[in-house]
Each structure stands twice: as C-alpha cells, then as structure tokens.
Amino acid sequence: MKTQYYTAASLDGFIATEDDSLDWLFPLGDINDTGYPAFVAEVGALAMGSSTYEWMLRHAATVADQVGSSWPYAQPTWVFSGRVLPPVPGADLRFVRGDVRPVHAEMQAAAGGKNLWVVGGGELAGQFHDAGLLDELIVQVGSVTLGTGKPLLPRRLTQPPLKLLSVRQVGTGFAELRYQLPRRAL
C-alpha cells in the first residue's frame with residue numbers, strides 16, 4: 001500500500017491557474033493514453049482538497065457526460081475543508097479538517113490493501129509529505145507553461161532528493177514522471 005500524489009502539471013510546475021482553471025490541460029491529450037487507467041484501478045481511497053472538490057462540483061455535467069455519473073470515483077473520498085461543502089448524492093464522501101495523520105489511518109483501513117491517492121491540490125499533498133506519509137509523486141508534465149498558478153508541490157524538497165523511478169512519453173503533450181519520496185524521520 002502506497003500513498004501517491006498523482007496529478008498533471010505545466011512545464012513550469014503549476015497544477016492549475018490562479019482561478020483553479022484546468023482549461024490548459026485537456027487539449028494536451030487523452031487521459032486514457034496515460035498511466036491513469038492502471039493507476040486508478042489500484043486506488044482504494046482518495047484525499048482531496050476543497051478547491052479540487054469544488055472544481056469537481058462545477059464540472060459535474062462534463063464529468064457525467066464522460067463517465068456516466070456526476071462523481072467519477074467508487075472509492076471512499078476524504079475531502080479536506082474548513083468550509084461546509086455540499087455533498088454529491090450517491091458519492092462516498094467524508095468531509096474532514098485538520099491533521100492528515102488520523103485521516104490517513106482511516107483511509108488505510110478503508111482502502112482494503114490498495115493504494116491511497118492524494119488527488120490535489122499541492123498544499124494537501126505537501127501536508128501528507130510533511131507528516132511523512134507520501135510515498136510517490138506521479139506527475140504528467142504538460143507541454144505548456146502558465147507563468148503563475150497553483151504550484152505542484154509548494155515545498156522545498158532538496159535533501160535527500162526524490163528518486164526518479166520512471167519516465168514515459170505520452171503522445172506529444174505529456175511526459176509521465178514517477179518519483180519515490182524519501183520517508184522523513186518524524
């Protein structure tokens with residue numbers, strides 16, 4: 001069981017624009033050509049930040065057109081937010097706030113031996129990293145630059161450096177990078 005941060009980022013390291021738009025992402029390629037289908041098949045539970053969740057709510061009609069449901073995940077999802085957010089009918093959602101460590105333990109118990117996915121955003125992934133709970137970073141680096149926006153992982157990670165596990169070209173728009181994060185001693 002691994003805790004993985006799987007996401008897409010621009011070449012200059014942003015996962016979304018300042019206003020949480022992902023419009024830059026979708027013209028770059030088909031998600032089914034990436035490692036996503038195999039990745040999500042191994043996921044037993046998800047952690048999601050409130051901005052990512054609200055993006056999902058705003059785009060529920062598009063998601064429903066693509067997957068047949070306004071919520072694309074069958075796995076239980078923990079949504080981290082300090083605000084009260086509306087639930088998605090039929091989705092297995094748990095709204096939480098605070099320290100990621102007790103939530104990580106709940107996610108592990110619910111995942112049935114499968115991996116845990118930190119969907120986004122970067123700050124939430126950083127909190128899992130800070131707690132010594134993040135094992136891998138899998139990023140689809142897109143062939144665009146945004147200049148500014150929401151950073152991939154707003155942390156300085158230099159010593160020890162991440163360990164590159166694999167690199168794969170995905171069409172002409174993406175490079176898929178997989179890194180192992182060193183476990184931090186707490």
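The values are calculated or read from the model by the stated rules, or taken from the named source; none is laboratory data. The structure displayed is predicted, hence computed values, not measured ones. Cβ: placed from backbone, ideal geometry, glycine included. Neighbour counts: every protein chain shown.
For the stretch 88-103, residues that are in a loop (DSSP other than H, G, I, E, B) and in contact (Cβ under 8 Å) with a residue 24 or more places away in the chain total 2.
Residues of the stretch 37-51 that are without any contact (Cβ under 8 Å) to a residue 40 or more places away in the chain and within 24 Å of residue 79 (Cβ to Cβ): 37, 41, 50. A single entry from 124, 85 fulfils the requirement of being in contact with a Phe, Trp or Tyr (Cβ under 9 Å, 6 or more places away or on another chain), touching a residue at least 60 places away in the same chain (Cβ under 8 Å) and either farther than 21 Å from residue 183 by Cα or outside any loop (DSSP other than H, G, I, E, B) (or both): 124.
Of the residues contained in the stretch 89-108, none is found to be at pLDDT 95 or above, surrounded by 13 or more Cβ atoms within 10 Å (Cβ to Cβ) and closer than 23 Å to residue 34 by Cα. Scanning the stretch 141-167 for residues that are touching a residue at least 60 places away in the same chain (Cβ under 8 Å) and out of contact with any Ser or Thr (no Cβ under 6 Å at 6 or more places or on another chain) turns up 141, 143, 147, 148, 150, 151, 152, 153. Using the structure shown, decide if residue 52 is surrounded by 14 or more Cβ atoms within 10 Å (Cβ to Cβ), of a type in the set (Val, Ile, Thr) and not in a helix (DSSP H, G or I). No; evaluated as a whole, the condition is false for this residue. For residue 95, the conditions (1) closer than 20 Å to residue 15 by Cβ; (2) of a type in the set (Phe, Trp, Tyr); (3) more than 16 Å from the chain's Cα centre (by Cα) are fulfilled apart from (1).
Within the stretch 112-152, if we keep just the residues that are of a type in the set (A, V, I, L, M) and surrounded by fewer than 18 Cβ atoms within 10 Å (Cβ to Cβ), the residue that is farthest from the chain's Cα centre (by Cα) turns out to be 144. For the stretch 153-173, the condition of being in contact with a Pro (Cβ under 9 Å, 6 or more places away or on another chain), under 22 Å from residue 1 (Cα atoms), among the charged types (D, E, K, R) and surrounded by fewer than 16 Cβ atoms within 10 Å (Cβ to Cβ) holds for at least one residue. Condition check for residue 113 on (1) in a strand (DSSP E or B); (2) out of contact with any helix residue (DSSP H, G or I) (no Cβ under 9 Å at 6 or more places or on another chain); (3) not polar (S, T, N, Q): one failure, at (1). When we screen 79, 167, 141 for residues that are over 20 Å from residue 22 (Cβ atoms) and assigned to a strand (DSSP E or B), the only hit is 167. For the stretch 57-76: of the residues being in contact (Cβ under 8 Å) with a residue 24 or more places away in the chain and either touching a Phe, Trp or Tyr at 6+ places or on another chain (Cβ under 8 Å) or assigned to a loop (DSSP other than H, G, I, E, B) (or both), which is surrounded by the fewest Cβ atoms within 10 Å (Cβ to Cβ)? The qualifying residue surrounded by the fewest Cβ atoms within 10 Å (Cβ to Cβ) is 60.
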